[in-house]
1. Take the residues of region 23-65 that are within 13 Å of the ligand (Cβ to nearest atom) and of a type in the set (Ser, Thr, Tyr): which is surrounded by the fewest Cβ atoms within 10 Å (Cβ to Cβ)?
2. Inside region 31-54, can you point out the residues that are in a strand (DSSP E or B) and under 17 Å from Ile73 (Cβ atoms)?
3. Filter region 103-128 down to the residues that are under 11 Å from the mean Cα position of the chain (by Cα) and not in a loop (DSSP other than H, G, I, E, B), then identify the one that is nearest to Asp60 (Cα to Cα).
4. Select from region 72-98 the residues that are touching a Gly at 6+ places or on another chain (Cβ under 9 Å) and either surrounded by fewer than 16 Cβ atoms within 10 Å (Cβ to Cβ) or in contact (Cβ under 8 Å) with a residue 40 or more places away in the chain (or both) and list them in ascending order.
5. Can you tell me which residues in region 79-121 are in contact with a strand residue (DSSP E or B) (Cβ under 9 Å, 6 or more places away or on another chain) and acidic (Asp, Glu)?
6. Looking at region 77-97, can you tell me whether even one residue there is assigned to a loop (DSSP other than H, G, I, E, B), over 22 Å from Lys21 (Cβ atoms) and within 14 Å of the ligand (Cβ to nearest atom)?
7. Anything in region 53-80 that is in contact with a Phe, Trp or Tyr (Cβ under 7 Å, 6 or more places away or on another chain) and among the polar types (S, T, N, Q)? List them, or say none.
8. Could you tell me whether any residue of region 19-30 is of a type in the set (S, T, N, Q), out of contact with any strand residue (DSSP E or B) (no Cβ under 6 Å at 6 or more places or on another chain) and more than 20 Å from Asp102 (Cα to Cα)?
Amino acid sequence: MASEKEAALVATPSDSTIFDKIINKEIPSTVVYEDDKVLAFKDIEPQAPVHILLIPKVKDGLSGLSKAEERHIDILGRLLYAANLVAKQEGLDDGFRIVINDGPNGCQSVYHIHVHVLGGRQMNWPPG
Ligand code: 5GP
């Protein structure tokens, strides 16, 4: 498996991603939260004891945060609000880290916007 950095360098903002297959239940995932707009599931390569990804069920051109337009304000708010619900549900009462990687320099490897919720250990700053 390529490193995150290598995966990010070869990733392209294609229309369909592995996350569409997860939304459509074509490949399995461990769903921890779901509402009509947002799906949250465990990351397949966890970087912390708790590592959850939150995605919009409808991408609507939002391959990454840098593609955000005014019409996306509602879903962006929903993603962050749901991240807070998930953090509480997962017992991250001492805090957690929210990450949105964007583009090659941000090490984004899947071009369907997603919010990482990381917790269950002490996070470091600055990030790598
Ligand atoms: P990015 O690097 O784009 O910010 O994050 C993509 C994340 O998706 C990575 O943390 C990676 O481990 C996760 N991921 C990639 N493929 C799959 C998959 O098939 N299932 C799950 N659950 N996570 C995946």
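1. Thr30
2. Answer for region 31-54, where residues must be in a strand (DSSP E or B) and under 17 Å from Ile73 (Cβ atoms): Val38, Leu54.
3. Taking the candidates together, the pick is Val115.
4. Glu90, Gly91, Leu92, Asp94, Gly95, Phe96, Arg97
5. Glu90, Asp94
6. Within region 77-97, not a single residue is assigned to a loop (DSSP other than H, G, I, E, B), over 22 Å from Lys21 (Cβ atoms) and within 14 Å of the ligand (Cβ to nearest atom).
7. Scanning region 53-80 gives a single hit, Ser63.
8. For region 19-30, residues of a type in the set (S, T, N, Q), out of contact with any strand residue (DSSP E or B) (no Cβ under 6 Å at 6 or more places or on another chain) and more than 20 Å from Asp102 (Cα to Cα): present.
Taken together, the values in this text are just the output of simple stated rules run on the coordinates, not laboratory data. Values in this document were obtained by computation on a predicted structure and should not be read as measured data. Note that each Cβ is placed from the backbone with ideal geometry, even for glycine, and that neighbours are counted across all protein chains shown.
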